[in-house]
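Notes for the one structure printed next.
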Amino acid sequence: MDCELAHERIVMAAYGELPDDAAHELERHLASCLECHKEREQIRALKLLADAYPVDEPAANLMARSRMRLEEALDALPPKTWMERFGQRLRNNFASLQAAPVAAGLLLLIGAGAGGLGGFHIAETRALQGEGAAQTSSKNEPQALPNGVEIANVSSIVRQPNSEQVVVRYNQLVPAEKRGTLDDSEIRQLLMLASANSNSAGLRDHSVELLADECRAGHGCSGTGIRDALMFALRYDRDAGVRKKALEGLQPYVAEDLRVRDAVLEALLNDGDPRIRTAAINMLEPVDADTTVRQVLHTVANSDQSPQIRLVSRQVLRRAPEIQ
């Protein structure tokens, strides 16, 4: 399998749409291709963050207003110059010109001359449009009053008659809370989001602990969602305590989920904390008949720099004499 095909299948696999035979072929490619392996982890991380945000259907009034504003914006665009229209037509017809070399050469010469005359004008126009878009974007960002109150938007402005008094109504960005049990889908989404919070180790620790407890108890820890959040924490969290809790939450699924098994093998080979590596070895013991697991255990037992890791690996291998 080449990398281009692997890139397509990585996306399909992330959404559970890849057949089993193709999935096994992809896993073999990822085992030997570091670049594709990194891309899969990035897609998984992106999917995890996307799953943490529910997608709501836009209101009908919002869609209508958006269409009206789009039409107004399109009407406000300046008409294209003859140079821009000529360039667009040249690009649209370029493919058909491949079968007409003489005409193609002639039009390319004309296009070169036209580009020399009109290039500055087009570049200047696009630069002005880009500046206007940047200003519009900055205006749409949440603003703050001098007292620190964050403003989402202004809803109305009313000036009192014969007075300098003005009433401005605005929508304010305020903290919110959600109450519910761990079975609540919104609570779970918030916990998954907190597990990837790079600004608070405490939040990550507590959220991963709750998610791991749910997985160990077998309460709806499906193949996507919570399980993905724990694998993400195991691979990337900077706090060893968070990674250890994530590893413990994944333990019930090592035998049935190849993705979990791969994440535990990565922890064994790459984690910097010997406690996590030792726990990973013991967790892999029930599946030590797996070829990949067996190879990794033999490698670690013979060549790892840590005497403790080598010892634990050998003990696991000795308890499984049939795979020697």
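None of the figures in this text is laboratory data; all of them are computed from the coordinates on show. Quick caveat: nothing in here was measured; it's all calculated off a predicted structure. Every residue, glycine as well, gets a Cβ built from its backbone with ideal geometry; the counts of neighbours run over all protein chains shown.
The label-point distance for ARG310 and ARG216, in a model that sets each label 7 Å from Cα toward Cβ, rounds to 3.3 nm. Separation of region 282-324 and region 4-50 by C-alpha centroid, Å? Region 282-324 and region 4-50 have Cα centres spaced 27 Å from each other. Exposure proxy shown here: for TYR236, TYR253, TYR15, the number of other Cβ atoms within 10 Å sets the order, fewest to most, as TYR15, TYR236, TYR253.
Ordering CYS215, CYS33 from the fewest to the most neighbouring beta carbons within 10 Å gives CYS33, CYS215. Here is the tail figure for region 3-51: Cα pairs spaced more than 12 Å apart come to 59 percent of all pairs. Between TYR170 and SER155, the built amide H atoms are under 5 Å apart, and every one of these is 5 or more places off in sequence or on another chain.
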